[in-house]
Structure formats: C-alpha cells, structure tokens
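**Student:** Below: one structure in structure tokens.
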Amino acid sequence: MRWRLAVILALALCLTGCAPTAPAEPAPALTADLYQPRSDIAKGRIAVSVTNGSERTVTITGVRLVSADYPGDPAWDGRPVDLEPGKGSPDLRIALPDAVCGEQAASAVVEVDWRDAASSGTETITPGDRFSFLPAAHATACFTAAVDDVATIASADFEGGGPGTPADLVVAIGAGSGDGSFTIDSVEGTTLLAPWDGAGGAPTVTISRVVRGTDAASELRVPFVPNRCDAHALAEDKVGTLIPFAVTTADGQTGTVRLTASDDLRRKMYDFYAAYCGL
C-alpha cells in the first residue's frame, strides 16, 4: 500500500514539476554598419547603424567600438532605441579618442547591448564597413599625429577679401619639438572654397613650405575664393571649411592634414563667401 502511495505522489509531483519548460528566446539577429556622415568628419565622430533581423522588437541600450586602434572602448551615449523587426537604427554617434598608432589592428568589433520583453544580453558583431572608413580614419589620425610631433599647423584666421577679391586663410605654424621636419606640399579646394592661383580658383595650389621642428612659430597665408557661387551649397555646407593640405614628412610619408575651423572662423568664411558672390 505504501509503495502505491509513493508512486501516486511521484506522478503528482511530475505532473506539476516535470512539465517541459518553454525554450528561451534566441538572441536577436543583430547586424551593424560603420560609416561617417559628412557633418561628423570635423568632429571626429563615427556613426553606427544597428539592424534588427529578428521577429520581435528589440531595444538597443548600448553600443561600443572595440579596437586596439582606439583605447577605452569608445561608446554611444544616447537614449535607448526601440527597433521593430527588420528595422535599422538612426545614426548612433561615437566620438573617437586619440588613435593608438603603430601597427594597425586586424579588425574591430561592435558590442551591442540589447533587451526585449523577456530577456537581455550583449551581442559582439563584426560590423560592415563598405568604404573601409575605419582603417582610413586611423591612418589619417596617425599621420596627423606624426606631423604634430614636429610642429602644429592650424587655421587661425580668415582676413580681407570682398566682392571679386580673394581672402587669406591664415595658417598658424606652432613651434615644434626640435626634431624632424615636413613639407607642406600643396593646398586643395573644398566643396565651398578654392585656393587662388593668381588667376582664379584652382583645385590645387602648390606651396612647398618646409617646416622644421627647430623653427620659431610663424604663419602661412593662403588666398581663397568661392569654389562656385551657390546659395544652396552655402546653406547646406558640412565640410567646406575643412581645409586639406598635402604634406610629406622627412622620411617620405605622404598624407593629408585637414585643418578645422572654429565657430568664429567658420562664420568669417561664410560671410566672405556671401559677400564675394553677392548672396
């Protein structure tokens, strides 16, 4: 009799506690892409877009770039973003710190923190980078750092000019480390401004200015005119005041150093463009 009671109790317990549990939801099928909107070039930021490939709504709560080229796992710091099935996120901006220079890392990954109605987790994703933006950005940052180790060059002012008359970009050349040299080979035009070659605006104008680390602080003046007179181009400008200079270092490395403009300097450039073009 006792054994029958034991069997009955075991069956009762199994009916309540041995029922199969529902399988946990799999992690969402997330993908990510890296790119750089034009408005973020001067700000040193990249953008990440995350796409939800699952069949349920997922909330993105954190995104980090993990790469040996950039210390500290720089992160997006925005508010959580809800992604419906099949939808992609808006631009999730990440400010890049100073690059770690030397041998470039083989790859970078993006860590994405997510949650849904039942669970949460972190996905490590190898992001798409259709234009090989990240390697190019790292190479540019390290080339600029190598130039800065010798002497600094920066857009300092924008002077003169008016209707039909070029204005001078004043480039401040800071005293360097006392070691090495580089040559400012040429200056290039932008979507907004073109260097003046004495007869008109040109895509590129040769400069051939040698800068040594032992030199005292000095300046370089480069005349500019509008690339074209276009009110729409002025109103929609993103990178027109980011002036590119082609530079060669003493050991033969070549690259481009883009000089950013302060808010005040950018206004001067815009005012000149409008006055020159009669806008």
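**Student:** In the stretch 108-115, is there at least one residue being over 18 Å from the mean Cα position of the chain (by Cα) and either on the phi > 0 side of the Ramachandran plot or among the basic types (Lys, Arg) (or both)?
**Tutor:** yes
**Student:** Anything in the stretch 205-249 that is assigned to a strand (DSSP E or B), without any contact (Cβ under 8 Å) to a residue 24 or more places away in the chain and surrounded by fewer than 17 Cβ atoms within 10 Å (Cβ to Cβ)? List them, or say none.
**Tutor:** The answer is Thr206, and nothing else.
**Student:** Here is a list: Glu55, Glu103. Which entry is of a type in the set (Asp, Glu) and at pLDDT below 90?
**Tutor:** None of the other options fit; the residue is Glu103.
**Student:** If you don't mind, another one. Considering (1) touching a helix residue (DSSP H, G or I) at 6+ places or on another chain (Cβ under 6 Å); (2) crowded, with 17+ Cβ neighbours inside 10 Å; (3) closer than 30 Å to Cys277 by Cα; (4) of a type outside the set (Lys, Arg), say which one Gly176 fails and leave the rest.
**Tutor:** (3)
**Student:** Among the residues of the stretch 39-72 satisfying the criterion of being surrounded by fewer than 14 Cβ atoms within 10 Å (Cβ to Cβ) and closer than 27 Å to Glu103 by Cα, which is nearest to the chain's Cα centre (by Cα)?
**Tutor:** Lys43
**Student:** Next question. Could you list, in sequence order, all residues of the stretch 167-200 that are in contact (Cβ under 8 Å) with a residue 12 or more places away in the chain and part of a loop (DSSP other than H, G, I, E, B)?
**Tutor:** Gly174, Ala175, Gly176, Ser177, Gly178, Asp179, Gly180, Gly189, Thr190, Thr191, Leu192, Gly200
**Student:** Could you list, in sequence order, the residues of the stretch 250-270 that are within 24 Å of the chain's Cα centre (by Cα) and surrounded by fewer than 16 Cβ atoms within 10 Å (Cβ to Cβ)?
**Tutor:** Those that are within 24 Å of the chain's Cα centre (by Cα) and surrounded by fewer than 16 Cβ atoms within 10 Å (Cβ to Cβ): Gln253, Thr254, Thr256, Ser262, Asp263, Asp264, Arg267.
The values are calculated or read from the model by the stated rules, or taken from the named source; none is laboratory data. Just so you know, these numbers come straight off a predicted model, no measurement behind them. FYI the Cβ positions are ideal-geometry reconstructions off the backbone, even for glycines, and counts take in every protein chain you see.
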